Each structure stands twice: as structure tokens, then as C-alpha cells.
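Participant: One structure follows; several queries about it will come next.
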Amino acid sequence: MSAFNENEDSVPPGAREFATTRWTIVLKAGRSDTTQARDALAKLCRVYWYPLYAYVRRQGHGPHDAQDLTQEFFARLIGKNYLGDVDREKGRFRSFLLASLKHFLANEWDKAKAVKRGGDQTFVSLNSESAETRYSLEPADTLSADKIFERRWALTLLEQVLARLREEYSATGKAALFDRLKACLTGDRSSLPYAELGRKAGLSEGAVKVAVHRLRRRYRDSLREEIANTVGSPDEVEEELRYLFAVLAG
């Protein structure tokens with residue numbers, strides 16, 4: 001049974017919170033095409049546009065066409081009710097977005113060429129210079145379009161988590177501390193120079209260890225929260241987490 005159908009008294013607190021995440025808002029809207037659902041979808045697309053752009057570029061399209069394709073895709077996805085066919089029980093934003101893009105490239109782009117991109121509306125603003133700078137750093141021939149999408153998706157998600165954490169630390173006047181400690185999120189714990197970090201931050205080695213422990217714990221929580229924004233049920237969070245780390249390790 002879906003977590004959305006459980007009696008409220010039997011749903012764990014985390015599941016109740018999960019019910020308000022962005023992708024579940026979109027899934028629940030279905031064919032009703034609510035403004036809330038479109039806004040939630042637009043917010044997700046603004047975050048995760050680059051993996052789609054990279055996919056289109058790896059398919060052989062030049063920078064200008066890739067920007068046009070990506071922009072027109074978002075205009076149609078967000079501006080029109082394309083949500084009715086989403087599997088409301090098993091939908092994942094990552095899978096939905098890539099499948100929708102493939103359908104658009106195969107069936108819709110030729111029809112859209114004669115129409116001004118997205119009419120007069122721009123739903124997701126793309127910085128073509130930034131996009132190409134990022135794409136120029138991608139491996140030249142080692143990844144297929146699907147693989148580059150998956151890897152960029154995983155990295156974009158991690159970037160979102162780090163950006164959110166930095167905002168949290170900045171709000172309490174600890175942005176500099178975060179900048180010093182963030183390397184500890186991926187470094188080898190046994191080789192981390194806690195004493196040196198403490199000297200630079202004006203903290204004891206013990207205080208640094210406590211701060212790193214708290215940062216890692218918040219990082220894990222934030223990572224799951226961000227993943228929850230892109231899957232259809234609480235049960236899918238851990239599975240998606242394993243998938244993302246497998247992509248990054250591959």
C-alpha cells in the first residue's frame with residue numbers, strides 16, 4: 001500500500017513530512033494540473049536542468065540547438081498539462097524527466113521548430129555560457145548520453161545539498177567554518193588534519209571533531225531530504241540513495 005493512503009495515525013512522522021515534498025505535489029495533482037503542481041515542477045526543473053542539457057549535447061546537438069531544445073522542452077512540460085501519464089505510485093522525477101525528454105526529442109521537436117521557443121514565456125532560464133563551460137569539462141567520449149545524464153543528476157543533487165548546508169551555516173554566521181570543514185564530508189577520516197583545521201578556525205582539535213560529526217550527520221539528513229523531493233514515496237529514498245552512489249562510483 002502506498003504511504004499516501006495510510007491512516008494518518010499509522011504514518012511515521014517522516015512520512016507525514018514527505019507528503020509535502022515537491023515531486024509528490026506534482027504526482028498527486030495528476031490530470032488536475034494545479035498551479036501548485038506547476039510551481040513545484042518548475043522549481044525542480046530549475047535545479048535539475050543541466051543534466052538534461054548535457055544529455056541533449058551528448059546526443060550530437062550543438063550548443064545553440066541544445067539550448068533551444070532544452071528550453072522548449074521545459075516550456076511544454078511546465079506550461080502544459082503533461083502530468084497525466086505519470087505513474088502516481090512509482091514515479092521518480094529523474095526517470096520521468098528523462099523519459100519525457102526522449103519522447104520530446106523523438107516526436108515533438110520537428111513540430112516545434114516553426115514556433116517561437118515556448119511562446120512568450122521562459123519557464124527555466126538557461127545560461128548558455130555557463131552550460132557550455134560545464135559541458136566542456138565532461139569526458140569527451142567515455143559516457144553515453146544516458147550515463148552522462150545519470151552522473152550529472154547525481155552530482156547536481158549533491159551540489160544542492162552542499163549549497164543548502166552552506167546557507168544554514170551562513171544564517172548562523174558560520175559560513176567560514178563550513179568552507180573549512182566541507183572537505184571532511186568526502187575525505188578519509190583517518191587522514192583529516194583536525195589539529196590544523198582547529199588552528200585555522202580557532203578551535204580545539206576536539207571541538208573540530210564534534211563540528212565535523214555534526215556536519216556529516218546534517219549532510220546525511222539533507223541528502224535524504226533532497227532525494228525525497230524527487231521520488232514518489234518514503235520507501236524509495238534509500239533505494240535512490242544507493243542508485244546515486246552506484247552511479248558516482250561507476
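Participant: What about PRO63, is it modelled with pLDDT of 70 or more and either of a type in the set (A, V, I, L, M, F, W, C) or farther than 21 Å from THR230 by Cβ (or both)? First the steps, then the outcome.
Facilitator: Values: modelled with pLDDT of 70 or more: yes; either of a type in the set (A, V, I, L, M, F, W, C) or farther than 21 Å from THR230 by Cβ (or both): yes.
Answer is yes for this residue.
Participant: Filtering region 100-158 down to residues that are of a type in the set (Gly, Ala, Ser) and at pLDDT 75 or above, which residue is surrounded by the most Cβ atoms within 10 Å (Cβ to Cβ)?
Facilitator: If we take residues in region 100-158 being of a type in the set (Gly, Ala, Ser) and at pLDDT 75 or above, then ALA154 is surrounded by the most Cβ atoms within 10 Å (Cβ to Cβ).
Participant: Here's a follow-up. Which of (1) at pLDDT 85 or above; (2) within 18 Å of the chain's Cα centre (by Cα) does LEU69 not meet, given it meets every other one?
Facilitator: With respect to (1) at pLDDT 85 or above; (2) within 18 Å of the chain's Cα centre (by Cα), LEU69 is out only on (2).
Participant: To continue, here is another question. For region 47-73, which positions are of a type in the set (Ser, Thr, Tyr) and over 19 Å from ARG94 (Cα atoms)?
Facilitator: Restricting attention to region 47-73, the residues satisfying the condition of being of a type in the set (Ser, Thr, Tyr) are 48, 50, 53, 55, 70.
Of everything in region 47-73, nothing turns out to be of a type in the set (Ser, Thr, Tyr) and over 19 Å from ARG94 (Cα atoms).
Participant: Given ALA175, ALA163, which one is free of Cβ contacts under 8 Å to residues at least 24 places away in the same chain, under 24 Å from TYR55 (Cβ atoms) and of a type outside the set (Asp, Glu)? If you could, list the steps in order and put the result at the bottom.
Facilitator: Numbers: ALA175 fails: under 24 Å from TYR55 (Cβ atoms).
Only one candidate passes the filter, namely ALA163.
Participant: Continuing with the same structure: Looking at ALA246, is it aliphatic (A, V, I, L, M), farther than 19 Å from TRP153 by Cα and surrounded by fewer than 17 Cβ atoms within 10 Å (Cβ to Cβ)?
Facilitator: On the way: aliphatic (A, V, I, L, M): yes; farther than 19 Å from TRP153 by Cα: no; surrounded by fewer than 17 Cβ atoms within 10 Å (Cβ to Cβ): yes.
No: the conditions fail for ALA246.
Participant: What are the residues in region 140-153 that are of a type outside the set (A, V, I, L, M, F, W, C) and either part of a loop (DSSP other than H, G, I, E, B) or within 21 Å of ALA201 (Cβ to Cβ) (or both), if any? Walk me through it before giving the result.
Facilitator: If we filter region 140-153 for residues that are of a type outside the set (A, V, I, L, M, F, W, C), which is where we start, we get 141-142, 144, 146-147, 150-152.
If the condition is that a residue be of a type outside the set (A, V, I, L, M, F, W, C) and either part of a loop (DSSP other than H, G, I, E, B) or within 21 Å of ALA201 (Cβ to Cβ) (or both), then ASP141, THR142, SER144 are the ones that fit.
Participant: Please determine, by comparing only the residues of region 203-243 that are loosely packed, with under 14 Cβ neighbours inside 10 Å and farther than 27 Å from ASP179 by Cα, which one is farthest from the chain's Cα centre (by Cα).
Facilitator: Here the residue is ASP235.
Participant: Condition test on ARG164, is it charged (D, E, K, R) and surrounded by 12 or more Cβ atoms within 10 Å (Cβ to Cβ)? Spell out how you get there, then give the answer.
Facilitator: Working: charged (D, E, K, R): yes; surrounded by 12 or more Cβ atoms within 10 Å (Cβ to Cβ): yes.
Taking the combined requirement at face value, the residue satisfies it.
Participant: Just one of the numbered conditions (1) in contact (Cβ under 8 Å) with a residue 40 or more places away in the chain; (2) over 15 Å from the mean Cα position of the chain (by Cα); (3) under 21 Å from ARG46 (Cα atoms) is not true of TRP153; which one?
Facilitator: Among (1) in contact (Cβ under 8 Å) with a residue 40 or more places away in the chain; (2) over 15 Å from the mean Cα position of the chain (by Cα); (3) under 21 Å from ARG46 (Cα atoms), TRP153 violates only (2).
The values are calculated or read from the model by the stated rules, or taken from the named source; none is laboratory data. The structure presented is a predicted model; accordingly, all values stated were derived computationally and were not measured. FYI the Cβ positions are ideal-geometry reconstructions off the backbone, even for glycines, and counts take in every protein chain you see.
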